[in-house]
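The values are calculated or read from the model by the stated rules, or taken from the named source; none is laboratory data. Here the structure is a predicted model, which means the values were calculated and not measured. Reconstructed Cβ throughout: ideal geometry from the backbone, glycine too, with neighbour counts over all protein chains shown. These area figures cover heavy atoms from the full protein model, side chains too; ligands, DNA and RNA do not enter into them. Shrake-Rupley method; radii C 1.70, N 1.55, O 1.52, S 1.80 Å.
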Amino acid sequence: MSSPAIMPLHKAETHEAPLLSATGLTKIFTTGGKEFRAVDDVSLDIRSGKVLGIVGESGSGKSTVARLVMRLIEPTSGTVLFDGEELTSKSGEALRLMRRHMQIVFQNPHSALNPRDTIRDAIAEPFLVQTKIRGLELERRVDALLDIVSLPKSFRYRYPHELSGGQKQRICIARAVALEPRLLVLDEPTSALDVSVQAQIITFLQELRQRLNLTYLFISHNLAVVRHLCDEVIVMNRGKVLERGITETVFKVPENAYTRQLIESVPRLPRLEI
Ligand code: ADP
Ligand code: MG
């Protein structure tokens, strides 16, 4: 047996294994016989409790990375480890169980909710599909989730079309956190919302992360939001990672010409008014 005495005291802290670790992710789409490298050799790590941002212009491969990480699509090559377990090799029941721990919130809350379902049904669905929770306990959970996303209990009787965009996105977030995941992938969660609502949702996401001890992969083309929310950031362009680092460092002293251009193209970096 090796002696634990020679281990550095703070090893567990400084070398804590990432919650999510992707290595060499590549996705080639084939359309009309032509190959297109949407994601090219992307690696990323997120430690538990942290927020990693991905920025890049439209079409740079951000959503494809999100879907690969969630294993909603198969990588052409590369691996994804969640809490040390390889996601890319899992299927069936094992994958279903892993999925409870990682959830995704999409850009458009208007298409994410079934117009025929009440809000109660929308929030109850993950419990009905993934758990044996039923009856009064289920209704209690629905109320608790409405409370977590700061909406009144009376919303359970409403339909999606009776809600604003921001309220719908809160319902999508309630569904995403229903089964107490550890990782939330947020793919441009405020891009489809009014500017005035965006800041509210960002503040809410920040509070939610602390309250539920979540880890975020936060995708956005809004640099001000990323700067506000993310501990570290990855800059993507044409499927590749161009730059990565601590958010403030990347924003203050960008190493890459494309990153500089991206930052400069935002007029005097409007810091988000929150
Ligand atoms: P972003 O989220 O950064 O805007 P995406 O990941 O959605 O970028 O897309 C990256 C590139 O991959 C785009 O050029 C897009 O057209 C292409 N792409 C995405 N999904 C598919 C698909 N299923 N089939 C073919 N091409 C795709
Ligand atoms: Mg996208």
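Couple of notes before you dig in:
- The value of relative contact order for segment 201-252, using C-alpha pairs under 8 Å at least six residues apart, is 23 percent.
- Largest mean-square fluctuation among 174, 94, 192, in a Gaussian network model of the chain whose springs join Cα atoms under 10 Å apart, belongs to 94.
- Distant-in-sequence amide H partners of residue 43 (H built 1.01 Å from N, under 5 Å): 24, 25
- Considering only the Cα atoms of segment 28-161, their convex hull presents on average a projected area of 11.2 nm².
- Percent RCO, i.e. relative contact order, over the chain, from Cα pairs under 8 Å lying at least 6 residues apart: 24 percent
- The chain - mean residue ellipticity at 222 nm from DSSP helices (-39,500 (n - 2.57) per run, n ≥ 4, rounded to 500): -10500 deg cm²/dmol
- Per residue accessible area in Å² of segment 21-172, where ligands, DNA and RNA are left out and the probe is 1.4 Å: 49 Å²
- Spin-label zone in segment 191-217 - amide nitrogen under 13 Å from a point set 7 Å from the Cα of residue 101 along the C-beta vector: 215
- Kirkwood Rh in Å, taken over all unlike Cα pairs in the chain: 19.9 Å
- Lysine-lysine proximity count for segment 48-175, Cα under 28 Å, sequence distance 8 or more or distinct chains: 9
- For the pair segment 103-156 / segment 175-234, the C-alpha centres are spaced 19 Å from each other.
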